[in-house]
1. Of the residues Y137, Y42, only one is touching a residue at least 60 places away in the same chain (Cβ under 8 Å), farther than 28 Å from A178 by Cβ and aromatic (F, W, Y); which?
2. Taking region 61-108 as the search range and keeping residues that are part of a loop (DSSP other than H, G, I, E, B) and out of contact with any Gly (no Cβ under 7 Å at 6 or more places or on another chain), which one is most open to solvent (accessible area, probe 1.4 Å)?
3. With the checklist (1) modelled with pLDDT under 80; (2) open to solvent by less than 20 Å² (accessible area, probe 1.4 Å); (3) among the polar types (S, T, N, Q) in hand, flag the one item S116 doesn't pass.
4. Checking I167 against (1) under 23 Å from K460 (Cβ atoms); (2) touching a residue at least 40 places away in the same chain (Cβ under 8 Å); (3) touching a Ser or Thr at 6+ places or on another chain (Cβ under 6 Å), which test does it fail?
5. Filter region 298-317 down to the residues that are of a type outside the set (D, E, K, R), open to solvent by 60 Å² or more (accessible area, probe 1.4 Å) and more than 21 Å from K77 (Cβ to Cβ) and list them by number.
6. Give the residue, chosen from F357, F330, F345, that is aromatic (F, W, Y), modelled with pLDDT of 85 or more, part of a helix (DSSP H, G or I) and open to solvent by 20 Å² or more (accessible area, probe 1.4 Å).
7. Can you pull out the residues in region 41-60 that are open to solvent by 50 Å² or more (accessible area, probe 1.4 Å), more than 16 Å from V169 (Cα to Cα) and not in a helix (DSSP H, G or I)?
8. Only one of L152, L141, L177, L164 is within 18 Å of S488 (Cα to Cα) and part of a helix (DSSP H, G or I); which?
Amino acid sequence: MTVTTLVLLIIVFLIILLALRMPVAFALGFAGAVGLVLLRGYGHTTNVLGSAPFSETASFSLTIIPMFTLMGMLAVKARIAEQVFAVAAFVFRRLPGGLGVAAIMASAGFAAVSGSSIGTAATMSKLSVGEMRKYGYPLSLAAAAVAVAGTLGVLIPPSVFLVLYAIMVGESVAEVLAAGIIPGIISAFAYAAWMIFAMSRHSAKTARIEDTMSLDEAIDIAAGKETSGLITPIRQEPTDGWHYDTRSIASVPIPQPSYEGTDYTKITHVRELPWRGVVRVGILFFIVLGGMYSGVFTPTESAAIGAITAGVMLAVEMFREGFRAIVGSFIEAFKETAGTTSMVFSIIVGSSILSAFFIQAKVPRMLTNAVLDWGLPAHLTLGIMLLALIPLGMALESISILVITVPLIYPVAMELGFSGIWLAVLIVKLIEIGLVTPPVGINCFVVAGTAGIKASDVFKGVLPFVLVDMAVLVLLFFVPAISTWLPSLVKV
């Protein structure tokens, strides 16, 4: 059996394991182990299996992942997202789709301290979907906006995805994190622009229908009753605080905000707004990125200090609720951090075994040579390879895609003379698209479960936002300076 045939068989074997719903980490490790046995024998395979779990995770650089995760969980418990959304809702209240724009901008702000796409989507859906429905937003548009805006958590620093990419390929963590700032802001404004356009069309359509309805029907609509399909009742379903991702090794707890029923649109004066949330976001952002780029902290130290600061903010926010409530919130945050970190590290271990097989089989070099033999322009070659991430995102968990594909794509990109910093943004942006693309679209399921609606309702409104994302991706692809300019200014 040739090496090429063996590699293809292992890839097919991996697909079969995933189709059988084996947890991703186990599927990656098992497929890699079988490939190593067939390629190098039992002795070499047992050596890899014995050393990989320690060698791949016993890295001081990886401590940044649980620290950023903990900071995000503590920020959720400190109700920062609620406060940022309140301010954003007031600021954008006069725009068409103002609440939707507020949800998107609040997601961007919260992503700047949470680093979690799932956490951002879960928190903002609890806060904003019901509010948007009260004011006549189509259910699919309201839910899809939150699901897509949640993806900013993997692009705007501190992003676990960007950190993991930098560690895997040996790029500067500080530079890779800086690269996500401007693309993240552009993405947020692009989502907001589509929300304004969509709600302007919806309002015009509603106005035309209302011109032909009776006074009684108009009164019913104003009261929130179901009439002419314009406003439908909001279906509320209880959630137990856990959402199970069958593609991962662990059931990852998604933070469930304890605050409900606050009508932020009734705030009438700027002095009534909870500005402390915006200030806290600024403080955390300044500590993490400012400390990192000023040279005061290393990336790992900035993550740890950010987590400590978020913990202090949580204690201050919940001081009036008593010591027991504070301790309970900290325990919940630690548990959720442990669950998420365990999932990430398990996938890292499993993927390292598969990567060991690929390296032994010289797959990266074979792929690089094959791609260069195409004779295509460099941008077209890399574009074809990157587009392959979209169908992968429809079937695999996002971190799995990252750890599987980066070791294959990165060497090709370097051989073609591209920037590894720029490549990080493109890969993470494509992973964002996978987070909302059916049939997997984990963010869509998170929003559906948290808001108590059908996942199909979320997927209905996602397509226009995906097209917006693709347009932003094309811009980032052909204008690399958008991603590389800021890192060139903040090298440490």
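1. Numbers: Y42 fails: touching a residue at least 60 places away in the same chain (Cβ under 8 Å).
Checking each option against the conditions leaves just Y137.
2. It comes out as R94.
3. It fails just one condition, (2).
4. Only one criterion is unmet by I167, namely (1).
5. Across region 298-317, the qualifying residue is only T298.
6. Numbers: F357 fails: open to solvent by 20 Å² or more (accessible area, probe 1.4 Å); F345 fails: modelled with pLDDT of 85 or more.
After ruling out the rest, the residue left standing is F330.
7. Listed by number, the list holds a single entry, A58.
8. Values: L152 fails: within 18 Å of S488 (Cα to Cα); L141 fails: within 18 Å of S488 (Cα to Cα); L164 fails: within 18 Å of S488 (Cα to Cα).
Checking each option against the conditions leaves just L177.
The values are calculated or read from the model by the stated rules, or taken from the named source; none is laboratory data. From a predicted model like this one, the values you see are computed outputs, not experimental measurements. Here the Cβ is made from the backbone with ideal geometry for all residues, glycine too, and neighbour counts use every protein chain on show. Note: accessible area is taken over every heavy atom of the protein model, side chains too, but ligands, DNA and RNA are not part of it. Shrake-Rupley method; radii C 1.70, N 1.55, O 1.52, S 1.80 Å.
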